Each structure stands twice: as structure tokens, then as C-alpha cells.
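Enquirer: Take a look at this one; I'll ask things after.
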Amino acid sequence: MFLKIGVIGTGAIGQDHIRRITNNLTGAKIVAVTDVNAEQAKAIVQKENLDAKVYENGHDVINATEVDAVIVTSWGPTHEEFVLASIAAGKPVFCEKPLATTAEGCKKIVDAEIAYGKPLVQVGFMRRYDKGYRALKKVVDHDKIGEPLMVHCAHRAPSAPGFSGDMALTDSFVHEIDVLRWLLNDEYVSAQVILPRNTRLVDKALQDPHIVLLETKQGIRIDTEIFVNCQYGYDIQCQIVGETGIANLPEPSSVVLRSEAKLSTDILVDWKDRFIDSYDVELQEWINSTLKGEMNGPSAWDGYVVAVTADACVEAKHTGQIVPISIPECPSFYKKDFTLV
Ligand code: NAI
Ligand code: NAD
Ligand code: ISE
């Protein structure tokens, strides 16, 4: 039995997900696609030799009778509309982050899903499926370093084409916001943003880098450097300092080279390669659980909590203040315990 999927948005990640579902994963096929750039949608159908119909818009994909489930990979501001329409059609939907560009938009999705009465929405927070982050979480969950006290992170990308405004926070840092609350089994209570000297290698209007300081309910302090025009590579770092030890996110594996009087390893440059296995596991698990009528991944509630936190970070950046974060009680409809067995 195949899950018949319709994809809305055939840009960078839409094409990458279509490629992996078609060539690497099992149990699903792409039967419908759309993009505001229709030529791009047609080109991916040809390139991957898909038996898929190219529709005029996202709503036609969602309502197509042959489509069992929807993947939303169009740009962020369109996500809310397509996820709400998928819920209205009663179809499972995997939505790339952000779930919506505002906390209010995410809340509408949470309310619609609860009113529908069955979980249908998963958000593309793939780091929870990453081998390295899962290993790190086991160290924390199994008490190998005592209670976590501090976390030091870095989210670095060589460049960020198309970034404007606060996208370093709302498009990049959202991955840390999600994965760290999952890793620590905790929620955030405040955010502060510090603006270091700006790199000369971006438009003056764009702040880069940022330092974000988050505090959790348990008093854990998290500092993250977000530097999305760092030039040298796509480099994700995470170090947890506990009472009795320190745990680091493993580096991606690379040959250790001794050559020309140097000891060296490669640094990846593209997010697609850094998390290639995580996207595979994430979507395979989504396909498997959707076929069973279940929804086990990052939920609409997680998407909402991330948006509330990202909003606080944006406010902290613009006001220079420490901004309190108030996450409402998680509805019983959504699971809360993140412990890995
Ligand atoms: P992109 O700009 O390459 O692709 C977006 C595509 O959506 C474009 O082809 C665009 O024409 C299309 N599109 C926009 N509005 C549309 C509409 N109303 N109907 C149909 N198509 C529409 O962007 P990219 O990098 O693929 O990002 C897409 C989404 O994926 C974003 O939400 C982004 O945050 C997320 N993303 C997630 C990543 C992750 O690691 N989980 C990595 C990269 C992107
Ligand atoms: P992209 O710009 O390459 O692709 C977006 C595509 O959406 C474009 O092809 C665009 O034409 C299309 N589009 C826009 N509005 C549309 C609409 N109304 N209907 C149909 N198509 C529409 O961007 P991307 O890098 O692929 O990112 C897409 C989304 O994926 C973003 O939300 C981004 O945050 C997310 N993303 C997530 C990750 C991750 O690591 N999880 C990585 C990259 C991107
Ligand atoms: C991109 O949209 C992603 O989601 C990548 O995973 C992230 O690391 C990058 O910074 C974003 O621009």
C-alpha cells in the first residue's frame, strides 16, 4: 500500500523531499505537485520521472481525490493557509517549518486540529531525527552528565540568500528553539538578544551575527550564536554542560586527512547535506505512521511553542530587553513527554 502524496512548493527543499521520497524511501509516491512557478513544478515531474499531475494551486492539490496526504514546502508565509485547508479536507499534512509565520497563525492551526478531533499535522523539525542529537538526548535522559546547567550552541551557514529582517531568528534559530526544548525536556521562560559587531559581508540593513540567550523553567541557560553569513561552512554546534560532565553534538563523519603537512577534516557547506539522513528518517517515519493513521512527530503544538518563542526573540532584539516567554499549558490532545527510550 502506497501513501499518495501531493507536494505544494517545488523549490529547494520541495525538490529534495520529492527526490528522497521517490528514490530513497519506501511506501509512498508523489502523485500531485504545484508551485507558483509552474515551470519549476513541471521540471521536477520530468526530472524524477514522476507519474504526477501538475496542479494550478495548492488548494487543488489538497482537494485532489488521488491525494491521501500533503507536503507543504512553499515559502513560509503560505504555510498557514495550506495547513488549514488540509485540516479542513481531513488530510494528514507534513509542513516544513515555520508552521505559520506568527504565533497567532499557529494557534489557529492548533484550534482547527483540536476541533477536527484527530492529529493531522507534523512540522519539519528534522533535528529530532538526527543521529547525533538523538545520541546527545540519550546522554541527558540517562543522566550521564548529571542535571544540565548550561548549553552553548552555534548555528552557522556560509550565506543566506534571500534573508531579510529577522529571518536569522524566525527561519534559522527556530531549529534550535525546537530541538533544545525536546533535548532538555523543558520550556523557555525568557529571551534576550545581543547584537555583536556586524559582518561587513552582508547588506548593512541585515544584522548578522546574533547571540540569543534563553532561560528555561529549570533555570538552564542557553547561549546560541546565529551567524548565517559565516562564509566557511554550514556548522551546527551544541554543547551541554551538566553537573558531572560535558556532552557535545558529534561532528558529521569525515575522513581525517594527513597530507601536505596538515591534519584536516572537511566541513560541510549545505544544510541539505548536513541533515540528509535526518530528513530521510523524518519522512520515512512520517510515511509509516501516516499509513497507520497515526501522527507521532513534532506537532502543531510544537510549531506553536516555537513561534511564541521566536516572537519573544524578535521583540528582545528590537527592544534590547529581556522578554518573558509565557507558554500556555499544553492541551491533553498533544503529547508532552519527549523522553527517548
Ligand atoms: P524555496 O524558495 O526554494 O522554495 C519554495 C517554493 O515554494 C518555491 O518554488 C516557490 O515558487 C513555491 N511557492 C511559494 N508560494 C507558493 C504557493 N502559494 N503555492 C505553491 N508554491 C509556492 O524555499 P525552500 O528553501 O525550499 O524553503 C521552503 C520551506 O522549507 C520554507 O518554509 C523553509 O523554511 C523550509 N525549509 C526547511 C528546511 C529544514 O531544514 N527543515 C531547510 C530549508 C527550507
Ligand atoms: P524555496 O524558495 O527554494 O522554495 C519555495 C517554493 O515555494 C518556491 O519554489 C516557490 O515558488 C514556492 N511557492 C511559494 N508560494 C507558493 C504557493 N503559494 N503555492 C505554491 N508554491 C509556492 O525555499 P526552500 O528553501 O525550499 O524553503 C521552503 C520552506 O522550507 C521554508 O518554509 C523553509 O523554512 C523550509 N526549509 C526547511 C529546512 C529544514 O531544514 N527543515 C531547510 C530549508 C527550507
Ligand atoms: C533553512 O531554511 C533551514 O531550515 C536550514 O535547516 C537552516 O539551518 C537554515 O539556516 C535555514 O535558512
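Enquirer: Per q in 0.13, 0.14, 0.31 Å⁻¹, report the Debye log10 I(q)/I(0) for segment 51-106, using one uniform scatterer on each alpha carbon and no solvent.
Expert: Rounded to two decimals, the profile gives -0.30, -0.34, -1.36.
Enquirer: Here is a follow-up. So between E39 and A88, what do we pick up on full extension, going 0.36 nm a residue minus the alpha carbon distance?
Expert: Stretched out fully, the E39 to A88 stretch lengthens by 14.8 nm.
Enquirer: Can I ask one more? Please list, in chain and number order, the residues 5+ apart from V202 or on another chain whose amide H is under 5 Å from its amide H, with Hs placed from the backbone.
Expert: none
Enquirer: At S164 and M1, where each label point lies 7 Å from the Cα along Cα→Cβ, what is the point-to-point distance in nanometres?
Expert: 4.6 nm
Enquirer: Right, next: Against the longest alpha carbon principal axis of the chain, how many degrees, from 0 to 90 and to the nearest 10, is the axis of helix 131-141 turned?
Expert: Orientation of helix 131-141: about 60 degrees from the principal axis.
Enquirer: Given R₀ = 41 Å, what would the calculated FRET efficiency be for I322 paired with T244, taking r from the Cβ atoms and rounding to 0.05?
Expert: The value I calculate is 0.90.
Enquirer: Let me ask another. Specify the angular offset, from 0 to 90 degrees and rounded to the nearest 10, of the alpha carbon long axis of helix 276-291 from the longest principal axis of the alpha carbons in the chain.
Expert: Helix 276-291 sits roughly 50 degrees off the main axis of the chain.
Enquirer: Still on this structure, I have one more. For segment 168-274, restrict the atom set to alpha-carbon positions and state the Rg and Dmax in Å.
Expert: Reported Rg and Dmax, both Å: 16.3, 50.
Enquirer: A further question follows. Taking Rh as the Kirkwood radius, which is the inverse of the mean 1/r over Cα pairs, what is the Rg/Rh value for segment 246-341?
Expert: So for segment 246-341, dividing Rg by the Kirkwood Rh gives 1.11.
Enquirer: If I compute solvent accessible area with a 1.4 Å probe over the protein chains, what percent of it on the chain is carbon and sulfur?
Expert: Carbon and sulfur atoms account for 52 percent of the accessible area of the chain.
Enquirer: If you don't mind, another one. If one computes the Cα centroid of segment 168-201 and of segment 81-154, what distance in Å separates the two points?
Expert: About 15 Å separates the Cα centre of segment 168-201 from the one of segment 81-154.
Enquirer: Give me the angle, in degrees from 0 to 90, between the Cα long axis of helix 12-23 and the longest principal axis of the Cα atoms of the chain, rounded to the nearest 10.
Expert: The two axes meet at around 60 degrees.
Enquirer: Right, another one. Assuming 0.36 nm per residue, please report the length gained on full extension of the stretch R134 to E329 beyond their Cα-Cα distance. Intermediate results must be reported in sequence, preceding the final value.
Expert: Numbers: separation 195, 0.36 × 195 = 70.20 nm, distance 2.58 nm.
Extra length available between R134 and E329 comes to 67.6 nm.
Enquirer: Same structure, new question: For the chain, what is the calculated [θ] at 222 nm in deg cm²/dmol (nearest 500), taking -39500 (n - 2.57) for each run of four or more DSSP H residues and dividing by its residue count?
Expert: Taking each H run of at least 4 residues, the total per residue is -10000 deg cm²/dmol.
Enquirer: Quick one: 3J(HN,Hα) in Hz for segment 184-194, Karplus 6.51/-1.76/1.60 with θ = phi - 60°, rounded, Gly and Pro as x.
Expert: 9, 6, 8, 10, 8, 10, 7, 9, 9, 10, 10
Enquirer: Ok, one more. For segment 127-227, what relative contact order do you get, as a whole percent, if you take Cα pairs closer than 8 Å and at least 6 residues apart?
Expert: It rounds to 33 percent for segment 127-227.
Enquirer: Another question, then. Bin all alpha-carbon pair distances of segment 86-208 at 10 Å intervals from 0 and give each bin's fraction as a whole percent.
Expert: Bin by bin from 0 Å, the calculated values are 10, 32, 32, 22, 4, 0.
Enquirer: DSSP loop (so not H, G, I, E, B), at most 12 other Cβ within 10 Å: list which GluC sites (Glu not before Pro) in segment 195-244 pass both filters.
Expert: Working: sites: E215, E225, E243; in loops: E243.
Qualifying residues, ordered by number: E243.
Enquirer: Once you put a point 7 Å from the Cα of K217 and another 7 Å from the Cα of V189, both along the Cβ direction, what distance in nm separates them?
Expert: Distance between label points: 1.1 nm.
Enquirer: Next question. Spelling out what I want: for every residue of segment 295-310, take phi, set θ = phi - 60°, compute 6.51 cos²θ - 1.76 cosθ + 1.60 (Karplus), and round to whole Hz; glycine and proline get x.
Expert: Karplus values, whole Hz, x for Gly and Pro: 9, 10, x, x, 9, 4, 5, 4, x, 5, 4, 4, 5, 4, 5, 5.
Enquirer: Checking a compactness column here: for segment 96-147, what do you get for Rg(Cα) / (2.2 N^0.38 Å), N being the number of residues?
Expert: Cα-based Rg divided by the globular estimate yields 1.60.
Enquirer: For the chain, build the convex hull from the C-alpha positions and give me its volume per residue in Å³.
Expert: 157 Å³
Enquirer: How large is the charge dipole for the chain, taken about the Cα centre, if only the Cβ atoms of Lys, Arg (+1) and Asp, Glu (-1) carry charge, to the nearest 20 debye?
Expert: In total the dipole reaches around 460 debye.
Enquirer: In square angstrom, what is the accessible area per residue of segment 267-337 with a 1.4 angstrom probe?
Expert: So segment 267-337 comes to 47 Å² accessible per residue, rounded to a whole number.
The values are calculated or read from the model by the stated rules, or taken from the named source; none is laboratory data. Here the structure is a predicted model, which means the values were calculated and not measured. Reconstructed Cβ throughout: ideal geometry from the backbone, glycine too, with neighbour counts over all protein chains shown. To get the accessible areas, we keep the full protein, side chains included, count just its heavy atoms, and leave off ligands, DNA and RNA. Shrake-Rupley method; radii C 1.70, N 1.55, O 1.52, S 1.80 Å.
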